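Peer 1: Just dropping this structure here.
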Amino acid sequence: MILMYIIVSLVNVFIHVAKTILVIKSTKPIASIANCICYTFSAIVIKCISEVDLWIAIVVQASTNFLGCYLAMWFCEKIHKLKNTQNY
């Protein structure tokens, strides 16, 4: 259960970062869809949190938020660089 919680939490952070970028840089319908997906997926994370000990939830959330945000930002930078090199 803990491994599934870690994976779901990492995916959730990745989705939240993507949603933030889409809300800022995209159209209203795309931003709305991203927001819907993001908060719906958060319900899965809440369910996982309810099934583990509080201290495990704190450690998992802190570590997956740091790692997930870092990896999502790195991924977005790579995509941005790839798009810029293809425009030339």
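The values are calculated or read from the model by the stated rules, or taken from the named source; none is laboratory data. Computed from a predicted structure; not experimentally measured. We place every Cβ from the backbone using ideal geometry, glycine too, and count neighbours over all the protein chains shown. Just so you know, the surface numbers come from the protein's heavy atoms only, side chains and all, with ligands and any DNA or RNA stripped out. Shrake-Rupley method; radii C 1.70, N 1.55, O 1.52, S 1.80 Å.
Peer 1: Among the residues of segment 36-52, what is the count of those that are loosely packed, with under 12 Cβ neighbours inside 10 Å and modelled with pLDDT of 90 or more?
Peer 2: Result for segment 36-52: 2.
Peer 1: State which residue is nearest to T20 (Cα to Cα) when the search covers only segment 47-88 and only residues that are assigned to a loop (DSSP other than H, G, I, E, B) and among the hydroxyl-bearing types (S, T, Y).
Peer 2: Ranking the qualifying residues of segment 47-88, first place goes to S50.
Peer 1: While we're here: Check whether at least one residue in segment 73-83 is in contact (Cβ under 8 Å) with a residue 40 or more places away in the chain and among the aliphatic types (A, V, I, L, M), and report yes or no.
Peer 2: Checked against the condition, which is being in contact (Cβ under 8 Å) with a residue 40 or more places away in the chain and among the aliphatic types (A, V, I, L, M), segment 73-83 yields at least one hit.
Peer 1: A follow-up question, please. Mind listing whichever residues of segment 1-57 are β-branched (V, I, T) and within 16 Å of C76 (Cβ to Cβ)? Let's see the steps before the verdict.
Peer 2: Residues of segment 1-57 that are β-branched (V, I, T), as a first pass: 2, 6-8, 11, 13, 15, 17, 20-21, 23-24, 27, 30, 33, 37, 40, 44-46, 49, 52, 56.
Result: V11, V13, I15, V17, T20, I21, V23, I24, I30.
Peer 1: Can you name every residue in segment 1-30 that is under 28 Å from S50 (Cβ atoms) and charged (D, E, K, R)?
Peer 2: K19
Peer 1: Going by the conditions given, is A57 more than 13 Å from the chain's Cα centre (by Cα) and either at pLDDT below 85 or open to solvent by less than 80 Å² (accessible area, probe 1.4 Å) (or both)? Write out each step before concluding.
Peer 2: Values: more than 13 Å from the chain's Cα centre (by Cα): yes; either at pLDDT below 85 or open to solvent by less than 80 Å² (accessible area, probe 1.4 Å) (or both): yes.
Criteria met by A57.
Peer 1: Moving on to the next point. Residue by residue through segment 1-35, note down the ones that are over 13 Å from the mean Cα position of the chain (by Cα), without any contact (Cβ under 8 Å) to a residue 24 or more places away in the chain and open to solvent by 50 Å² or more (accessible area, probe 1.4 Å). Explain how you work it out, then say what you get.
Peer 2: Pass one, segment 1-35, residues over 13 Å from the mean Cα position of the chain (by Cα): 1-5, 23-33.
Among the residues that remain, those that are also without any contact (Cβ under 8 Å) to a residue 24 or more places away in the chain are: 3, 23-33.
Across segment 1-35, the qualifying residues are L3, V23, I24, K25, T27, K28, P29, I30, S32, I33.
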